[in-house]
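See below for the structure under consideration.
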Amino acid sequence: MLTITRDHAVYAMDEKNPPAAKVQPGELVVFETEDCFGGQLTDESQKMGAIDWAAINPATGPLYVEGAMPGDQLKVEILSIEIADRGVMADAPGEGVTGAALTDEATRLLPVENGRLTLSGFWSVPVRPMIGVIGTAPAGEAVPTGTPGAHGGNMDCNQIGAGTVLYLPVYVPGALLAMGDLHAVMGDGEVAVCGAEIAGRVTVRIQVIKWSPLPTPFLLTPEKAIAIASAPTLDQAANDAVMAMHQLLSDTAGLDEHTAGSLLSLVGDVRICQMVDPAKTCRMEFPRRYFEQVGFRFP
Ligand code: CA
Ligand code: CA
């Protein structure tokens with residue numbers, strides 16, 4: 001099994017990044033990832049404002065997928081996410097939403113044991129590991145790993161966990177997949193500017209889809225189909241996610257436009273992924289069973 005170690009870190013999704021490794025479709029690949037602070041916060045006396053910001057948001061990779069060409073999609077099966085035994089959170093005045101209430105910085109180390117983390121030595125929270133940053137290289141201008149977009153990137157979607165399948169666009173030969181920024185757990189919104197930031201290992205299997213009707217980024221969980229969109233505002237991101245799913249239902253799954261909109265209004269859920277990054281990310285969640293009722297098969 002191919003393993004990409006965490007010293008293969010990039011700080012932008014960039015077609016110029018040399019591949020850390022090459023893989024044939026269908027092979028298992030392990031990405032070892034560092035936390036979003038680059039592992040710099042190891043003691044609660046250290047504050048976010050004092051660390052090296054050039055080393056923030058490392059993504060492990062990129063991985064060159066043989067046969068992936070512009071116009072294809074990558075189908076990334078997330079088989080497992082293993083997390084370290086300690087996470088970290090840091091906040092600061094003006095950062096995120098809750099930073100408006102702060103006058104000083106704080107760092108909290110979060111021991112993880114038996115599927116739960118502990119905050120401030122008291123609060124016990126069940127973990128639900130997820131991938132914050134995962135994306136392909138855009139064509140042309142590079143995108144920092146801290147920014148989400150059509151290529152994926154820093155979407156901070158807490159649904160991207162083990163047992164899900166993520167579809168990403170391919171813009172450049174080999175796709176150049178990279179990922180990082182695992183969270184042991186994070187609520188919708190990521191309101192304090194971070195989740196339970198943690199290092200770990202992600203095992204994936206990647207396929208190249210030569211023709212796909214799906215909008216991207218697009219996620220399948222066992223129960224839900226999820227269109228993800230990022231935009232300068234939450235309003236725009238939410239609208240884009242809704243309309244991506246509406247178009248899929250009406251153009252491809254064969255529903256008329258009224259029925260597609262009505263079903264989305266009845267059983268679709270618009271949710272915020274994150275509201276704290278340079279672009280905001282929302283998603284439209286829709287039960288898979290309605291696709292199955294019309295005989296639509298996901299690629
Ligand atoms: Ca993030
Ligand atoms: Ca993060």
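The values are calculated or read from the model by the stated rules, or taken from the named source; none is laboratory data. Since the model is a prediction, treat every value here as computed from it, not as a measurement. We place every Cβ from the backbone using ideal geometry, glycine too, and count neighbours over all the protein chains shown.
Within the range 235-251, being out of contact with any Asp or Glu (no Cβ under 9 Å at 6 or more places or on another chain), surrounded by fewer than 21 Cβ atoms within 10 Å (Cβ to Cβ) and closer than 14 Å to S262 by Cα holds for M243, Q247. A Cβ distance below 9 Å, combined with a sequence gap of six or more or placement on separate chains, defines the contacts here; from the range 47-65, residues that are among the charged types (D, E, K, R) reach residues that are more than 16 Å from ligand 1 (Cβ to nearest atom) in the pairs K47/D104; K47/E105; K47/A106; K47/T107.
For the range 39-49, does any single residue satisfy the condition of being within 16 Å of ligand 2 (Cβ to nearest atom), buried (at least 20 other Cβ atoms within 10 Å of the Cβ) and not small (G, A, S)? Yes, the conditions are met somewhere in the range 39-49. Looking only at the range 104-133, residues that are of a type outside the set (K, R) and farther than 21 Å from D277 by Cα come to 18 in all. From the list V125, V165, the lone residue that is more than 18 Å from T221 (Cβ to Cβ), part of a strand (DSSP E or B), in contact (Cβ under 8 Å) with a residue 40 or more places away in the chain and over 11 Å from the mean Cα position of the chain (by Cα) is V125.
Selection within the range 210-234: residues that are surrounded by fewer than 17 Cβ atoms within 10 Å (Cβ to Cβ) and β-branched (V, I, T). The member of this set that is nearest to the chain's Cα centre (by Cα) is T221.
In this structure, E190 qualifies as of a type in the set (D, E, K, R), more than 12 Å from the chain's Cα centre (by Cα), at positive phi and surrounded by 20 or more Cβ atoms within 10 Å (Cβ to Cβ). Taking (1) in contact (Cβ under 8 Å) with a residue 24 or more places away in the chain; (2) in contact with a strand residue (DSSP E or B) (Cβ under 6 Å, 6 or more places away or on another chain); (3) among the β-branched types (V, I, T) in turn, V97 satisfies each apart from (2).
Only one entry of R128, R116, R86, R108 meets the criterion of being basic (K, R) and out of contact with any strand residue (DSSP E or B) (no Cβ under 6 Å at 6 or more places or on another chain), and that entry is R128. Answer yes or no: is there a residue in the range 108-129 that is closer than 14 Å to I198 by Cβ, within 16 Å of ligand 1 (Cβ to nearest atom), out of contact with any Lys or Arg (no Cβ under 9 Å at 6 or more places or on another chain) and not charged (D, E, K, R). Yes, some residue in the range 108-129 is closer than 14 Å to I198 by Cβ, within 16 Å of ligand 1 (Cβ to nearest atom), out of contact with any Lys or Arg (no Cβ under 9 Å at 6 or more places or on another chain) and not charged (D, E, K, R).
A single member of G61, G38, G67 is under 21 Å from P173 (Cα atoms) and not in a strand (DSSP E or B), and it is G67. Residue count for the range 141-161 satisfying the condition of being of a type in the set (A, V, I, L, M) and either more than 14 Å from ligand 1 (Cβ to nearest atom) or modelled with pLDDT under 95 (or both): 2. In the range 162-187, the residue that is farthest from V29 (Cα to Cα) out of those that are within 15 Å of ligand 1 (Cβ to nearest atom) and surrounded by fewer than 23 Cβ atoms within 10 Å (Cβ to Cβ) is G187.
Of all positions in the range 134-142, at least one carries a residue that is under 11 Å from the mean Cα position of the chain (by Cα), within 16 Å of ligand 2 (Cβ to nearest atom), in contact (Cβ under 8 Å) with a residue 40 or more places away in the chain and under 18 Å from Q274 (Cβ atoms).
Within the range 50-76, if we keep just the residues that are surrounded by 14 or more Cβ atoms within 10 Å (Cβ to Cβ) and within 16 Å of ligand 2 (Cβ to nearest atom), the residue that is nearest to E105 (Cα to Cα) turns out to be I51. Starting from the range 10-31, keep only residues that are part of a strand (DSSP E or B), then list their pairs with residues that are at pLDDT below 95 whose Cβ atoms are within a distance under 8 Å, requiring at least 6 positions of separation or different chains. Pairs that qualify, where the first residue is part of a strand (DSSP E or B) and the partner is at pLDDT below 95, are L28/M1; V29/M1; V30/M1.
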